[in-house]
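*Asks:* Pasting a structure here, questions to come.
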Amino acid sequence: MNDLTISSICIAGAGLLLAIISIPFFLHKKAVRKNCTEETKGKVVKYRFRGSGNLSSIAPVVEFYVNGRKFKAYRHYRCVSSKYQSTHNPNEMFGQSDRFYISEKDVFHINTKGVFHNYKKLAEEKWPLGSEMTVVYNPRKPRQAFVEKVVVISGIVGTVFLSCGCGIMAIAGIAYMLLS
């Protein structure tokens, strides 16, 4: 075996390892969706603010009861997307018309205008404290709970590992064929 063959095998092996690492992420996603089968109602007790700047997100924290025990869950998102929209209207400056929405694919979209974003006010408008929301949970492990619906990002992580692994294997194969 020459150096090119050994190098190609090593690089392809690293790609294969990445592809194999993706498997537990896909299995986790499947297991969570399979196990979180029960629904109940809970009340919004506070808000969870994550991120910084224009990539901040807001999630309602919902308190719910299972068999007399209190649990908390919050709304999960696959990712956060921010879009800056400039304005020349003085009534829309300083965040007075900031709005956000959650897409069908569970992406938190924030449309920002001006320089100030009152995320707490936006959260209170969307999910008033004390309002009722649906919680989906695992009956065996009620701590494994999601507000509104199950959102698991491990499938996205698995896809990234699998894609990178396959891409590295393909590059190693192409490089071997071109250089040999």
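*Asks:* When only residues in region 1-57 that are within 20 Å of Ile153 (Cα to Cα), outside any helix (DSSP H, G or I) and touching a helix residue (DSSP H, G or I) at 6+ places or on another chain (Cβ under 7 Å) count, which is modelled with the highest pLDDT?
*Replies:* Among those residues, the one meeting the criterion is Phe49.
*Asks:* Have a look at Tyr65, Tyr74 and point out the one that is among the aromatic types (Phe, Trp, Tyr) and either outside the structural domain of Ile102 (by TED's automatic domain parsing) or out of contact with any Ser or Thr (no Cβ under 8 Å at 6 or more places or on another chain) (or both).
*Replies:* So the residue among Tyr65, Tyr74 that is among the aromatic types (Phe, Trp, Tyr) and either outside the structural domain of Ile102 (by TED's automatic domain parsing) or out of contact with any Ser or Thr (no Cβ under 8 Å at 6 or more places or on another chain) (or both) is Tyr74.
*Asks:* Go through (1) over 30 Å from Cys10 (Cβ atoms); (2) at pLDDT 95 or above; (3) not in a loop (DSSP other than H, G, I, E, B) one by one and return the number of the condition Pro142 breaks.
*Replies:* Going through the list (1) over 30 Å from Cys10 (Cβ atoms); (2) at pLDDT 95 or above; (3) not in a loop (DSSP other than H, G, I, E, B), Pro142 breaks only (3).
*Asks:* Moving on to the next point. In region 56-70, what residues are over 15 Å from Pro128 (Cβ atoms) and β-branched (Val, Ile, Thr)?
*Replies:* If we filter region 56-70 for residues that are over 15 Å from Pro128 (Cβ atoms), which is where we start, we get 56-57, 64-70.
Result: Val66, single match.
*Asks:* How about region 145-165: which of its residues are touching a helix residue (DSSP H, G or I) at 6+ places or on another chain (Cβ under 6 Å) and either more than 28 Å from Ile102 (Cα to Cα) or in a loop (DSSP other than H, G, I, E, B) (or both)?
*Replies:* Correct list: Val150, Val152, Cys164, Gly165.
*Asks:* Select the strands (runs of 3 or more DSSP E) contained entirely in region 69-125, then report the ones holding at least 1 residues which are closer than 27 Å to Ile156 by Cα and at pLDDT 85 or above.
*Replies:* 69-74, 99-102, 107-112
The values are calculated or read from the model by the stated rules, or taken from the named source; none is laboratory data. As the structure is a prediction and not an experimental result, all values here were calculated from the model. Positions of Cβ are backbone-derived with ideal geometry, glycine not excepted, and every protein chain shown enters the neighbour counts.
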